[in-house]
Structure formats: structure tokens, C-alpha cells
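The values are calculated or read from the model by the stated rules, or taken from the named source; none is laboratory data. Since the structure is predicted, the reported quantities are computational estimates derived from the model, not experimental observations. When we count neighbours, we look across all protein chains shown, and the Cβ atoms used for this are built from the backbone with ideal geometry, even at glycine. Areas reflect the complete protein model, heavy atoms only, side chains present, ligands, DNA and RNA absent. Shrake-Rupley method; radii C 1.70, N 1.55, O 1.52, S 1.80 Å.
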Amino acid sequence: MRAWEKNFRKVEPYTPGEQPEFADMIKLNTNECPYPPTPRLLREIRALGEKMDNVRLYPNYKSESLVNALAKYYEVGADQVFVGVGSDDVLSVAFLTFFNSKEPILFPDITYSFYDVWAELYRIPYERPALDENFRIRKEDYYRKNGGIVIANPNAPTSIAEGLEFIEDILMHNRESVVIVDEAYVDFGGQSALPLIEKYENLLVVQTFSKSRAMAGMRVGYAIGHPTLIKAMNDVKYSMNSYTMNYPALMCGVCAVEDQNYFKQCCNKIIATREWTKKKLAELGFTSLDSSANFLFSTHKSVPAKQIFEELRKYNIFVRYFEKPRIDNYLRITIGTQRQMETFVDILKKIL
Ligand code: PMP
């Protein structure tokens, strides 16, 4: 190793799911939405062509159009909304802003695998209390002294959601550290912790446009919480890069917030297909956890998950497989369109 390499910041990066590019594939591996975003957004993008001259200019660094649209929708103040380049950006800024204690931050052993990467990157001590044997979070594990808490609700990759009382119980036991609830999948059947932000000033709720609003490629996420939390996050963000939200992302974000009907229809279709798929999988010998997300976490009674994963790939069907303790016999299957899931089930029958 050369002398100057010793000073590099070393970190094991997060590995995102594969993005293969086959015309005929069925892509069920990264929890994207199988339906297009609101048709209003497609119109907006076309109109953007005519307004392209605007990209000469820096975007509004406070992202006011989008912050205001979200504030109006959630009936909160603009000073309670933070926006970022996907919720990954929002969460990363939140970790850097809030987790500076010597006490460890806490998140489950099985959860979104980016949390430990940020903790390592920012040198935040952390501990990961184990989920119980049914893959549920044990709230008592979060009663001890800590430097912060992160709960994905619904959790990933388990798909299981906990109710509002569960989250409130964790908040009641944690008045001295910031509690982040990552609600990336909340629109598919979860209960949001947003009603608790007035009561608990240390609660930050994080959501995304990537799943239920079908905009993973546009990179828009947001957090809602007490103005003190939001100001602290903005101070950190402006100290790194003021202009994270580009002009088209802001425009499209506003447009998506305004079309609630389309968004709800989309979520309902995905929920119906999820329940259909779960039933079909059960007929084929799979057990799936109780999902409140846009994916199923399923295991087969006799065929190893890894083998099914590899066989599916031969048909250009991509699901997610984690070679990790406790979950290495499970597949995380994103819910596609009804038609895609019918093909998926047919191919599974052949494979099994
Ligand atoms: N939280 C969870 C639990 C996720 O699964 C994801 C998606 N990988 C994210 C946050 C980040 O999504 P995005 O950056 O696209 O908003």
C-alpha cells in the first residue's frame, strides 16, 4: 500500500440490486413500481423540453416548490419538511446530523442494509438487536441508552409493519435521542408515524417517491419532523452541497404530490396483486411473511431459495436473494404487474 493510500477513508460500500437490461425481463429485484408515474408527469416532462433554457440557472437551493407542495399535502409547516436525492440521501444526511453520540445507535440485525454502511462511513458506533424468531422487532431492545434509533416500518426485507402504538412505545422510551422511522414502503398497507411528530419533537419520518410514486429514477425523497430537526439537517446539507435537487426532479416531484388519485390507484393495484401472488405461492409450497410492502419475503418448504433464484435468472426473471445469516433461504420478490406475476408463477411451477 502506498503511503497516501493509508489515509483513505475505507468503507465497505452498500451493494444495490442488479439493474439488468434485457428487453423481455421480469424485474422483481429492487422494489420499483411496475407501473409508470402519473400521466401528468409525462406531460410535464414533455413541456420541460421547451423550458430547458432554465437549466442554465442553478435550481432554487431551498427546493421551495417541492417543500411547499409536501407541506400543503401533509398540512405541516414548510420548516418541517426536508427534501433530498432519494430517501438514501435524506437518511445519510440524518445519520450525519443526528448521530454524534458515543453511545451506539440501534437498528435491527435484519433491516435495510444501508444503515450499517452509513454508520461505518460516519464512524457512528452501532448495535443491531436481533429480530425475534418470527422476524418481528422486539421493542424492549430499544429501551436502553443509545445514540439514536432507526426503524424501517414496514421493515425490509421482511415486509412486516408494526402499528402506531409500537412506534409510540419506542418514542416514549427514548426522549433523549433522535428516532428515525424509515417509511419507504408505508403506502402499501403500513401506518405512518406522521401523526406523532407534534407530540415527539425527536421523531423524524422519512419517505420516498421511489416506490409508490413510481419515480425511483428521478431520485426524490423527504423527511418530516420538528423544525429544529429540519434546520439541523439543512445546515449539514448546505455545508456539503447546496444544490442537490435538480430542476426536473423538483418539477416532477411537485407534479406527483398533486396527483393523489393516480398514486392511490397504483398502490391498490399493487396490494391486490401482492395478495394474489401470496396465495399462489402458498399453493406452490411457499410461506410468505405478512407483507405491508410492495414485495413478499418468501421461503419454500423444500427447494433452497438460492436454487430458485438461480433458476429464475435463466428465464430472465430477477428477484433478490441475500446470502446472509437467518435469511439465506428466503427470496424477496417485488410485486410486478398482475400479468408479470402470472408469468412468474407459471415459471415457478416449471422450476419446482
Ligand atoms: N429505505 C428502505 C427501507 C429501502 O428499501 C430503500 C430502497 N432501497 C430506501 C430507503 C431508499 O430508497 P430511495 O433512495 O430510492 O428513496
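Applying 1/(1 + (r/R0)^6) with r as the Cβ-Cβ distance of residue 351 and residue 201 and R0 = 45 angstrom yields a FRET efficiency of 0.30.
Projecting the Cα atoms of 260, 273, 241 onto the charge dipole of segment 217-281 (Cβ charges, centred on the Cα centre) puts 273 farthest toward the positive pole. Within a straight-line Cα-Cα reach of under 16 Å, residue 324 can be paired with the following lysines, leaving aside sequence neighbours fewer than 8 residues apart in one chain: 306.
List the lysines whose Cα lies under 22 Å from the Cα of residue 62, skipping any in the same chain that are fewer than 8 positions away. Candidates past the 8-residue exclusion: 51, 72, 231, 237.
Excluding ligands, DNA and RNA, the accessible surface per residue across the chain is 48 Å² with a 1.4 Å probe. Taking amide H positions as modeled 1.01 Å from N, with prolines and chain starts lacking one, the residues under 5 Å from residue 147 and 5 or more places away or on another chain are 105, 106.
Assuming R0 = 25 Å, can you tell me the calculated FRET efficiency for the pair residue 101 and residue 328, based on Cβ-Cβ distance, to the nearest 0.05?
Values: r = 33 Å, r/R0 = 1.33.
Step by step, r from the Cβ atoms, then E = 0.15.
Site pair residue 73 and residue 265 shows an inter-label distance of 1.7 nm when each label is modelled 7 Å from Cα along Cα→Cβ.
A simple packing score, the average count of other Cβ atoms within 10 Å per residue, orders the peptides 338-351, 14-27 as 338-351, 14-27, with the highest score first. For the chain, what % of the accessible area comes from carbon and sulfur atoms, probe 1.4 Å? Roughly 50 percent, rounded to a whole number. Give me the net charge for the shell around residue 245: Cβ to Cβ below 13 angstrom, other residues only, Lys and Arg +1, Asp and Glu -1. Summing Lys/Arg as +1 and Asp/Glu as -1 gives +1.
Compared with the alpha-carbon gap, the fully stretched path from residue 5 to residue 133 is longer by 41.8 nm at 0.36 nm per residue.
Among 318-326, 112-120, 148-156, how do they line up by average Cβ neighbours within 10 Å per residue, starting with the highest? Numbers along the way, then the final one.
Values: 318-326: 16.2, 112-120: 19.2, 148-156: 24.9.
Per-residue Cβ counts within 10 Å, averaged per peptide and sorted highest first, yield 148-156, 112-120, 318-326.
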